[in-house]
Amino acid sequence: MDRIKPRDIQLVQRLGQFDKPFWSVADLQKVLGYKDRRTLLVALHRLVRQGVLTRMRRGIYRVSIRPADPAVLANLLYRPSYLSFESALARHGILSQIPYTVTLATTRRSKKMTLDGKAVEYRQLRADLFFGHRIEKGLEVAEPEKALLDALYLMKRGRLSLPLEELDLSELSAGKLKSYGARFPGYVRPVLAALQSQLR
């Protein structure tokens, strides 16, 4: 590993002045003052090799010493989006299994990527179903009831497998499930009604 140069330390300090969880090549070129993009790319390769920067995916970097939550990064990189499905169900304690993949809802096309070594999957929802989420510690995340409905919606469309018998629904609001559920297609309601019977 190459020896870290004083200029690299100054670079980290300069980047640390900004409250940014990640940087694009264009961002870095502007902040670091590189006129030649090729020279910048060579410098970025060296900084990654030295461990100063971490390459999260093509063209996206973060300062290595700065902790990164893959869900927050994924949420910021592809907008609009919010954490939902298995990831949100696990976060809310409804699903006991910790999913390997970070799953988010989006109105844009579905997409998969690896981000900072973590599998990320964006799943498309219709625009009229893109509601019921809030910000928690810098992350847009589905409310528990909405995460369940999002998952049931994709499950009924054959795009998601969910172990219904393993879900802990004890903390869910039956009223909110009914209210939110009324906005989903009719084919979601039979399985929702069966689950709601467990809440009574």
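In this structure, is Leu115 modelled with pLDDT of 90 or more and touching a helix residue (DSSP H, G or I) at 6+ places or on another chain (Cβ under 6 Å)? No. Summed over the range 120-133, residues that are over 10 Å from the mean Cα position of the chain (by Cα) and closer than 25 Å to Tyr61 by Cα total 1.
The values are calculated or read from the model by the stated rules, or taken from the named source; none is laboratory data. Quantities reported herein were computed from a predicted structural model and do not represent experimental measurements. As a convention, Cβ positions derive from the backbone with ideal geometry for all residues, glycine included, and neighbour counts pool all protein chains shown.
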